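A.B. asks: The structure that follows is given in the form of structure tokens.
All of the numbers you see were taken from the coordinates with simple rules; none came from a lab. Fair warning: this is a prediction, and the values are worked out from it, not measured in the lab. We place every Cβ from the backbone using ideal geometry, glycine too, and count neighbours over all the protein chains shown.
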């Protein structure tokens, strides 16, 4: 990994449930989490906003706990989580983030998002 990361800006598909004023690109949070944690690790975001960190965590097999005091943004995050509970959306999101394919090459995942399956995540 280089010391300069060139990542796309927030894509339209990342705003499907609304947009937080300081929302970060999903590819950025995914890369940060991949570079600093192992599968199954807990990720804490005490200022969760629209839960981009939570979505990234869920897509790559990490557990997530987010805290957000603004009801509007907490609802946005909840809706984003519900959106990726759909197997098609889950896989679509994973396929759009290049770092996930690279990480899976080095550490294959057994995690499959199945509709109705509860992974025991608080998010």
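A.B. asks: Between residue 79 and residue 101, what length in nm is gained on full extension when 0.36 nm per residue of separation is reduced by their alpha carbon distance?
C.D. replies: 5.4 nm
A.B. asks: Oh, and also: Using the number of other C-beta atoms within 10 angstrom as an exposure proxy, rank 94, 31 with the fewest first.
C.D. replies: 94, 31
A.B. asks: Still on this structure: Along Cα→Cβ, 7 Å out, is where each label goes; now give me the distance between the ones at residue 3 and residue 72 in nm to one decimal.
C.D. replies: Distance between label points: 4.0 nm.
A.B. asks: Each label point is 7 Å from the Cα along the Cα-to-Cβ direction; what then is the distance between the points at residue 87 and residue 12, in nm?
C.D. replies: 2.8 nm
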